[in-house]
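Engineer: Structure provided below as structure tokens; questions to follow.
Nothing in this text is a laboratory measurement; each read-out follows from the coordinates by a stated rule. Keep in mind that what you see is a predicted model, and the values were worked out from it rather than measured. Don't worry about glycine lacking a Cβ; one is built from the backbone with ideal geometry, like all the others, and counts go over all protein chains shown.
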Amino acid sequence: MISPTSAAAETLTPAEVQKRGDSYNARRALLGSNPSLYVSKTRLSVRQIPTFVTERMLKRLATHAIQTFDEEVVSGGRTGLSEEEMARDEPTRDGDKTRKKGKAIPRVRQTKIVRQADRVDPLTGNGRSKGYGFLELREHADALRVLRWANNNPDVPSLFSEWWSAELAEMKKDADPARLKRITETESRGSSGKQPKGLLMVEFSIENVQVVQRRAARQNAVSVIHLAFCTPQRKS
């Protein structure tokens, strides 16, 4: 939480400080009202996301935030994580214990932009973004790094605009004339008109035990199916 008396609050409008305080109080009340709810150690809720931001860009933000956080700690620009914070990681899941062919396991487990089901973006073909989403990291320490670097960071909007331009350039490849026209029109408008009024609000997500269990069961089922299709069958 960014308290009204903190140095970070000086960079915010009174309305933004109030919004963050209201969110903190609402989350406390919600946690107290339902024993099935808890604060996740690894899943972040991200609000006030520009509507043009994609899941790929959100993942890119997480990776950038982790790397830049560590660089700023080394340079003395910020305080690193404490030993207690580093020790809060949950036990590694069974599917994470192995590394295939020497490749490191990605630090970002999942990204999700919450989208409208009844409105489709003509450029991407996806539902239009509602301006909020989720980032799930594999380790609590990395989730803390992302939160502390990205929350209320004025550098994030320009990064999003830069990455959006790169995605538009990639969309142009093999695009048909009609789609190419839409991409060109989007480029000419830029992303300035799609920026939200405030900076990112990043908080640890409130989770429901039962929902998390169902989500994990679905993910495990998908992993088993993927493994079954990818595992070479021995000839008898």
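Engineer: Could you check the simple spin-label distance between SER23 and GLN67, using points 7 Å along Cα→Cβ, in nm with one decimal?
Structural biologist: So the label points at SER23 and GLN67 sit 2.6 nm apart.
Engineer: With +1 assigned to the C-beta of every Lys and Arg and -1 to the C-beta of every Asp and Glu, and no other charges, what is the dipole magnitude of the stretch 128-175 about the Cα centre in debye, to the nearest 20? Display every interim value, and only then the final one.
Structural biologist: On the way: 7 positive and 8 negative charges, 36 e Å.
The calculation lands at about 180 debye.
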